[in-house]
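The block underneath contains the structure these notes are about, expressed in structure tokens.
The values are calculated or read from the model by the stated rules, or taken from the named source; none is laboratory data. What you see is a predicted model, and the numbers here were worked out from it, not measured in a lab. Using ideal geometry, Cβ is built from the backbone for each residue, glycine included, and neighbour counts are taken over all protein chains shown.
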Amino acid sequence: MIIVMKAGATKHEKDEVVERVKELGYKPHVIHGTTRDVIGAVGDERKKLVLQQLESMSGVESVVPILKPYKLASKEVKKEKSIIRITDDVAVGGRQVCVIAGPCAVESEKQIMEAAEAVRKAGAHMLRGGAYKPRTSPYSFQGMKEKGLKLLAKAGKMTGLPIVTEVVNPETAELVAEYADVLQIGTRNSQNFELLKKIGKLKKPVLLKRGMSMTIQELLMSAEYIMSEGNQRVILCERGIRTFETATRNTLDLSAIPVVRNETHLPIAVDPSHGTGHLKYVAPMAYAAVAAGADALIIEVHPDPEHATSDGPQSQTPAVFAETMAKLRLFAEAAGRTL
Ligand code: PEP
Ligand code: MN
């Protein structure tokens with residue numbers, strides 16, 4: 001249910017409603033709108049009609065059911081698009097298209113420093129790099145772990161770029177959150193509900209990737225898991241899904257962009273690197289994503305892709321990335337955005 005407050009409702013009236021929602025056994029989530037606030041009451045769906053009585057409270061305009069299976073992520077609860085602030089200078093969901101770039105994995109100090117400097121120079125807004133790698137094979141490189149986090153932090157400090165890095169399990173989530181500015185949930189973990197709940201309790205923005213076999217509705221339900229624990233700063237990420245097509249590593253579902261825009265206030269990022277798996281397809285899909293309304297891009301860039309420990313074939317070199325950024329500017333402008 002959502003409790004829609006009157007435009008001029010006082011803080012005292014809102015506090016009273018929040019208290020009453022709690023008394024009735026529901027979790028209140030106050031969402032501040034431009035003209036009025038709404039209070040989402042999340043809990044047992046079967047008994048939700050008891051909340052109807054709140055309509056008689058002072059300051060309350062109406063109590064209406066949320067029809068979608070996801071609540072906090074839905075547009076019913078919040079009509080305006082959310083802007084997720086990462087630092088004073090960087091935000092996702094505003095007019096600027098945010099570009100996150102860097103290697104698939106942190107491999108050495110030299111590699112991450114070179115990558116960080118190159119992507120910063122080309123105009124990226126955040127640095128990516130995996131310190132914990134959830135690989136399909138247990139025999140593949142699993143990441144540098146805490147040592148990798150330290151190197152990422154050093155590279156972030158050197159360039160001034162915020163860090164995006166993946167969390168693979170609840171046990172190491174807090175450690176990763178000490179170093180990262182944005183916590184990435186990978187495609188293999190996007191329905192790991194214990195991990196999502198843990199991330200929901202942390203105070204860091206989240207980049208939630210779409211599972212490779214997930215529907216858009218399931219992606220929104222995963223976002224809901226994070227949000228219902230208190231963390232509202234979720235950025236969704238389309239990274240390609242499994243289809244019968246084999247020419248590309250995944251099928252990058254760009255139609256997810258307008259669908260997500262229609263269904264939720266959360267911003268959406270696109271990952272054309274994992275979405276295609278081939279260097280030569282990354283740039284065209286990045287342009288297409290921006291044309292379709294993506295709020296952010298996450299692109300793999302490696303100073304020496306041929307010797308990369310993971311995802312070399314889809315990694316751009318610094319030179320290719322700089323070219324991509326220059327051309328992307330034109331697409332951003334055409335879409336009414338900045339870069
Ligand atoms: C990654 O970003 O390096 C990654 C492993 O992505 P995904 O979870 O989308 O495969
Ligand atoms: Mn990768």
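Per-structure values
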{"item": "Close pairs from the range 195-219: first touching a residue at least 40 places away in the same chain (Cβ under 8 Å) and not assigned by TED's automatic domain parsing to the domain that holds Glu171, partner of a type in the set (D, E, K, R) and part of a strand (DSSP E or B), Cβ under 9 Å, at least 6 apart", "result": "none"}
{"item": "Residue count for the range 97-110, restricted to those that are crowded, with 17+ Cβ neighbours inside 10 Å and not hydrophobic (A, V, I, L, M, F, W, C)", "result": "3"}
{"item": "Residue satisfying all of: in the range 109-134; assigned to a loop (DSSP other than H, G, I, E, B) and in contact with a helix residue (DSSP H, G or I) (Cβ under 7 Å, 6 or more places away or on another chain); farthest from ligand 2 (Cβ to nearest atom) among these", "result": "Gly123"}
{"item": "Residue in the range 226-234 that is more than 12 Å from ligand 1 (Cβ to nearest atom), assigned to a helix (DSSP H, G or I) and more than 16 Å from the chain's Cα centre (by Cα) present", "result": "no"}
{"item": "Single match in Gly59, Gly8, Gly40 (criterion: among the small types (Gly, Ala, Ser), farther than 30 Å from Pro205 by Cβ and crowded, with 18+ Cβ neighbours inside 10 Å)", "result": "Gly59"}
{"item": "Filter result for Tyr139 (away from ligand 2 (no atom under 16 Å from the Cβ), aromatic (Phe, Trp, Tyr) and in contact with a strand residue (DSSP E or B) (Cβ under 8 Å, 6 or more places away or on another chain))", "result": "no"}
{"item": "Residue count for the range 283-333, restricted to those that are away from ligand 2 (no atom under 16 Å from the Cβ), acidic (Asp, Glu) and in contact (Cβ under 8 Å) with a residue 60 or more places away in the chain", "result": "1"}
{"item": "Which listed residue is more than 23 Å from Leu207 (Cα to Cα) and not basic (Lys, Arg), from Val50, Val77", "result": "Val50"}
{"item": "Flag for Met227 being in contact with a strand residue (DSSP E or B) (Cβ under 8 Å, 6 or more places away or on another chain), over 21 Å from Glu323 (Cβ atoms) and crowded, with 17+ Cβ neighbours inside 10 Å", "result": "yes"}
{"item": "Residue ranges of strands (runs of 3 or more DSSP E) in the range 1-95 with at least 3 members closer than 30 Å to Ala296 by Cβ", "result": "27-32, 37-42"}
{"item": "Any chance Pro134 is more than 15 Å from ligand 1 (Cβ to nearest atom) and either modelled with pLDDT of 95 or more or over 30 Å from Met5 (Cα atoms) (or both)", "result": "no"}
